[in-house]
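Each remark here refers to the structure printed beneath this line.
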Amino acid sequence: MVKTLAMKREREPAMRVRVDWVTRSEAVLALKGEKVRAWIEASLEYSGIGIAYERMLEGTTRGLYLVGLVRVDGELRAVLVLESLLIGGPVGKVVSVLIAGGDGMKEWISTLADAVKLAARTVGAQKIVVIGRPGWQRILEAEGLIKTGVVMECKVGGGYGI
């Protein structure tokens, strides 16, 4: 069963943008597609979050991730993979945006942000967490997200003086 959020927003006046949250089998099929796989692999490489494409596919197959397909005027333009986590304590349930990839982000980012917020409310999450490159901050702040921390990394066995 496909759940759809279709919206027209002032920032996206000329296009119809739609986000389809797909079933597990539809998600696996989409992730195995050449175009989507290329988007995911490029995003995983660029982000450096330490998840391989195969692990993302396995987690999707096991039902650990929710996959959204973004269409602009009916054409597949992006994919998003979410993870819902029960953290416990005062934090409660969190929706984590694991990875997103696609083409023409300015055409669909606002509708996608709304769809993620709706998905988070639907699963009873208290917040959405996105870890991304610095350029995402400006884009996501325009969608109502705020910077709450800093992600730091250290290469082991070389680089960064270690």
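The values are calculated or read from the model by the stated rules, or taken from the named source; none is laboratory data. Predicted model, so just to flag it, every value in this text is computed and none were measured. Neighbour counts run over all protein chains shown; Cβ positions are idealised from the backbone, glycine included.
Starting from the stretch 60-84, keep only residues that are at positive phi, then list their pairs with residues that are surrounded by fewer than 17 Cβ atoms within 10 Å (Cβ to Cβ) and not in a loop (DSSP other than H, G, I, E, B) whose Cβ atoms are within a distance under 6 Å, requiring at least 6 positions of separation or different chains.
As it stands, the answer is Gly63/Arg24, since those pairs meet every condition given.
If Glu26 satisfies every condition in (1) surrounded by fewer than 17 Cβ atoms within 10 Å (Cβ to Cβ); (2) among the acidic types (Asp, Glu); (3) at pLDDT below 85 but one, which is the exception?
The one condition Glu26 does not meet is (3).
Let me confirm something: among Val94, Val70, which residue is touching a Lys or Arg at 6+ places or on another chain (Cβ under 7 Å), of a type in the set (A, V, I, L, M, F, W, C) and under 30 Å from Val156 (Cα atoms)?
Val94 is the lone residue from the list that is touching a Lys or Arg at 6+ places or on another chain (Cβ under 7 Å), of a type in the set (A, V, I, L, M, F, W, C) and under 30 Å from Val156 (Cα atoms).
Conditions first: (1) at pLDDT below 90; (2) under 13 Å from the mean Cα position of the chain (by Cα). Gly92 passes all but one, so which condition is the exception?
So Gly92 meets the others, but not (2).
Go through the stretch 115-160 and report how many residues are part of a loop (DSSP other than H, G, I, E, B) and of a type in the set (Ser, Thr, Tyr).
Summing the residues that are part of a loop (DSSP other than H, G, I, E, B) and of a type in the set (Ser, Thr, Tyr) in the stretch 115-160 gives 2.
Can you name the number of the only condition in (1) closer than 20 Å to Ala142 by Cα; (2) touching a Leu at 6+ places or on another chain (Cβ under 6 Å) that Val94 fails?
(1)
Residue check: is Ile109 hydrophobic (A, V, I, L, M, F, W, C), out of contact with any His (no Cβ under 9 Å at 6 or more places or on another chain), free of Cβ contacts under 8 Å to residues at least 12 places away in the same chain and more than 22 Å from Leu29 (Cβ to Cβ)?
no
Being touching a residue at least 24 places away in the same chain (Cβ under 8 Å) and farther than 17 Å from Arg16 by Cα is the filter here, so list the residues in the stretch 85-106 that pass it.
Result: Val91, Gly92, Lys93, Val94, Val95, Ser96, Val97, Leu98, Ile99, Ala100, Gly101.
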